[in-house]
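A short reminder: the numbers here are calculations on the coordinates, not readings from a lab. Being a predicted model, the structure only gives us computed values, none of them experimental. Every residue, glycine as well, gets a Cβ built from its backbone with ideal geometry; the counts of neighbours run over all protein chains shown.
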Amino acid sequence: MKKIAVLTSGGDSPGMNPAIRSVVRTAIYYNLEVVGVKHGYKGLIEKDFIPMDRGSVADIIQRGGTVLLSARCEEFKTEAGRQRAYKNMQEEGIDALVVIGGDGSLRGVQKINAESEIKAVGIPGTIDNDLSCTDYTIGVDTAMNTILDAINKIRDTATSHERTFVIECMGRGSGYLALMTGLAGGAEYILVPEIDFDPKEVTDKIKQGFKRGKLHSLILIAEGVKAPFADLSEYNGSPGMAMGDLIRERTGMETRVTILGHLQRGGSPTATDRVVASRMGHKAVDLLLQGKRDKMVNYKNNSIGSCDITDAIVKKSEIDMKIYQLANILSM
Ligand code: F6P
């Protein structure tokens, strides 16, 4: 193996830059050539390659986003698009590829390994932390801290005005961010797609809280929550907005809704994200040097290892019930 490529794909996450830096510098350390692929899989199809040296990843460890840029690429899902990508990589002399991204991006890794000579491995990079086989995906710690900062600020104004706030956070189909930040932020209720809830229980708890003298109520809701709302189209798909209306109707209390949106995806990566990203980037190159393919670097019990991509791309369908119950106990 002489030359490896690295790309970031799908929704960006803070920590992708330290991961790129680690892949590039580890590869150079082992006398490999490295190219960066711009715009994710689209860059493979359009031959958007840039040579990477030590200096090309200088001063990026602290930066959010991804210097290689990212995209969700429909063309790579077609046979013709992928064949073009393989041809381009072959012409460029690329022997192996490191893909940093979420489940959709890792499906691409699977395809490359199945259909070409190129050895590809993945690094989990998504704020959602929704992949199986790993306790951690790069970006989740920074996103949690961003959400927590927002909760703290909303708590201030909620108290001043004795209001209820519904805070909607990201996590496509996954309640991880809502659960963890709800616990860390002391939310009264945490609503996640993995667990059905009774709206009456939520509104009763809010009313009781105010009766007991609480000055505010904070409800954390994950964007992936669907039930018990029959139709979210009038709320532009937002379960937070729907929940806000429901609380207003049933409690008569002043209620506001904050949808945190894409600010959760930005920001300078935290120490944890930088450390995990640096370790994972190194491990990805190490796997390739061992001749491995179709693997995802993972993080389990504070140890960096790897698992089969097939096992990794299964989305986590459950959340940690012990943490959910703890949040419930503490929010009394
Ligand atoms: O998968 C990461 C994520 O941030 C999800 O939490 C969110 O639902 C989605 O990406 C948003 O995607 P986009 O940036 O394409 O709107």
Any lysines whose Cα falls less than 19 Å from that of residue 205, other than same-chain ones fewer than 8 residues away, would be 214
Per principal axis, largest first, the Cα atoms of the chain extend in Å by 69, 37, 29
So the angle from the long Cα axis of helix 16-29 to the longest Cα principal axis of the chain, reported in degrees to the nearest 10, equals 20
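Under 1.5 on a/c is rounded, so check that first for segment 1-144, then, if it is not, pick prolate when a/b is larger than b/c and oblate when it is not; a ≥ b ≥ c are the square roots of the alpha carbon gyration tensor eigenvalues.
Working: a/c = 1.68, a/b = 1.16, b/c = 1.45.
Oblate, since a/c reaches 1.5 and b/c is not below a/b.
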So the compactness index of segment 138-262, its C-alpha Rg divided by 2.2 N^0.38 Å, takes the value 0.97
The size of the Cβ-based charge dipole (Lys, Arg +1; Asp, Glu -1) of segment 141-265 about the Cα centre, to the nearest 20 debye, is 360
For the chain, the charge dipole (Cβ of Lys, Arg +1; Cβ of Asp, Glu -1; about the Cα centre) points to a positive end, and the Cα of 216, 178, 145 closest to that extreme belongs to 145
If each K or R counts +1 and each D or E counts -1, the residues other than residue 30 whose Cβ falls under 14 Å of its Cβ total +2
Mean separation of Cα contacts under 8 Å (at least 6 apart) over the residue count of the chain, i.e. the relative contact order in percent, is 23
Candidate cut points under trypsin sites (Lys or Arg not before Pro) in segment 207-285, DSSP loop plus at most 13 other Cβ atoms within 10 Å of their own Cβ, are 212, 226
Projected area averaged over all directions for the convex hull of the alpha carbon atoms of segment 216-332, nm², comes out at 11.1
Distance in nm between residue 211 and residue 254 label points, each 7 Å along Cα→Cβ, equals 2.2
Per-residue ellipticity at 222 nm attributable to helices in the chain (runs of n ≥ 4 DSSP H, -39500 (n - 2.57) apiece, nearest 500 deg cm²/dmol) works out to -13000 deg cm²/dmol
For residue 227, the net charge from surrounding residues (Cβ-Cβ under 12 Å; K, R +1; D, E -1) works out to -3
At q = 0.15, 0.23, 0.25 Å⁻¹, the log10 of I(q)/I(0) for segment 1-66 from a Debye sum over equal Cα scatterers comes to -0.44, -1.00, -1.13
P(r) of segment 121-169 over all Cα-Cα pairs, 5 Å bins starting at 0, rounded to whole percent, reads 5, 19, 21, 15, 12, 11, 8, 6, 3, 1, 0
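Tell me the GluC sites (Glu not before Pro) within segment 1-102 that lie in a loop according to DSSP and have at most 14 other beta-carbon atoms within 10 Å.
The qualifying sites are 74.
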Magnitude of the Cβ-charge dipole (Lys and Arg +1, Asp and Glu -1) of the chain about the Cα centre, nearest 20 debye, reported as 560
For residue 87, the lysines lying under 18 Å Cα to Cα, once residues fewer than eight places off in the same chain are dropped, come out as 2, 3, 38, 42, 47, 77, 111, 119
